[in-house]
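Notes for the one structure printed next.
The values are calculated or read from the model by the stated rules, or taken from the named source; none is laboratory data. The structure displayed is predicted, hence computed values, not measured ones. Neighbour counts run over all protein chains shown; Cβ positions are idealised from the backbone, glycine included.
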């Protein structure tokens, strides 16, 4: 092999080595940021204790009073879920709750006969909401039929059943390693020739939690239910999501 050919081979080898080293350095930096974000979120939720102390209905408004115990980090917001046997709705507060503080959250009720209330903590990391596990839940018995509809026209208001609670989140939400409980439900209500599409926040029947893991040098996001059962494993390949469900979760290098 002449010197020119040997020089070309050496150049290619050096380029490959430099590229590999650059990728490794970038991965170490990204992984460090992911680990730090996950640790910060977990540290904020450790020791947080919030109890539901009272639930009452006044008109169309549900009042949920909670009390926070001692300990834990800062809580920026509270999310409250109301459920009945077939439906749910989600209320997102604009304020959190301090240590040893009692606070009452008020919101309009759009489901009939709620039987359970759940409370979730929320922290803000770089402006994005991170939701923790349920802090408390309370069984209730309230007889209620929603009347808070505003549709013009004459005659009886008729509404379809609320649709299923549909998850609304993107891949960026999933890789943030957070608990996902939020969804959206829709229904159509009409009076004469007038109709409206109602939309409400709701809580997923099966809240899920995402965790970032690594297999065979590739990064995956694993989706678990809150009992720790693995539901799916997701790999992002450019703009394409490769989703593996429970029947094919094995990873072979």
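Can you list the strands (runs of 3 or more DSSP E) found entirely within the range 1-101 that contain at least 1 residues being more than 20 Å from the chain's Cα centre (by Cα) and either over 30 Å from residue 215 (Cβ atoms) or at pLDDT 80 or above (or both)? Reasoning before the result, please.
Working: elements: 50-58, 61-68, 77-83, 88-92.
Strands (runs of 3 or more DSSP E) meeting the threshold: 50-58, 61-68.
Conditions tested, residue by residue: (1) exposed (fewer than 11 other Cβ atoms within 10 Å of the Cβ); (2) at pLDDT 75 or above; (3) within 30 Å of residue 116 (Cβ to Cβ).
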site	(1), (2), (3)
158	no, no, yes
165	no, yes, yes
168	no, no, yes
183	no, yes, yes
194	no, yes, no
253	yes, no, no
